[in-house]
Amino acid sequence: ENYKNAPDNGTVWPDGDCTIRIARGGSFASPQQSIRNTKREQFKAGEKLSRIGIRIARELP
């Protein structure tokens, strides 16, 4: 996963493995060492995972 040879005009890449997606960072369910912007996780296109995403929380008085 990198941007080497990526189009610089906003178009999509015309080839490659489009069945795989990459999620960056961790989630609320990740261990502490995985909650960082350098963390990557691979999953299949269309797959729904509870560990992908963030949860916003606010402490109430």
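Please list, or write none, the lysines whose alpha carbon is within less than 21 Å of the alpha carbon of Lys4, excluding same-chain residues fewer than 8 places away.
Lys39
About the Cα centre of the chain, what is the dipole size in debye to 20, counting +1 per Lys and Arg Cβ and -1 per Asp and Glu Cβ, all else neutral?
320
For Cα pairs less than 8 Å apart in space and 6+ apart in sequence, what is the mean separation divided by the residue count of the chain, i.e. the relative contact order in percent?
31
Taking volume of the Cα convex hull per residue in Å³ as the quantity of interest, determine which of (i) 143; (ii) 88; (iii) 48 was computed from the displayed structure.
Label of the calculated value: (i).
If you keep only loop residues by DSSP, which trypsin sites (Lys or Arg not before Pro) in the chain have at most 12 other Cβ atoms within 10 Å of their Cβ?
In loop regions of the chain (DSSP not H, G, I, E or B), the sparsely surrounded trypsin sites (Lys or Arg not before Pro) are Lys4, Arg36, Lys48, Arg55, Arg58.
Every read-out reported here was derived from the displayed coordinates using simple, explicitly stated rules and does not represent laboratory data. Only a predicted model underlies this, so the values are computations on that prediction, with no experimental measurement involved. Cβ: placed from backbone, ideal geometry, glycine included. Neighbour counts: every protein chain shown.
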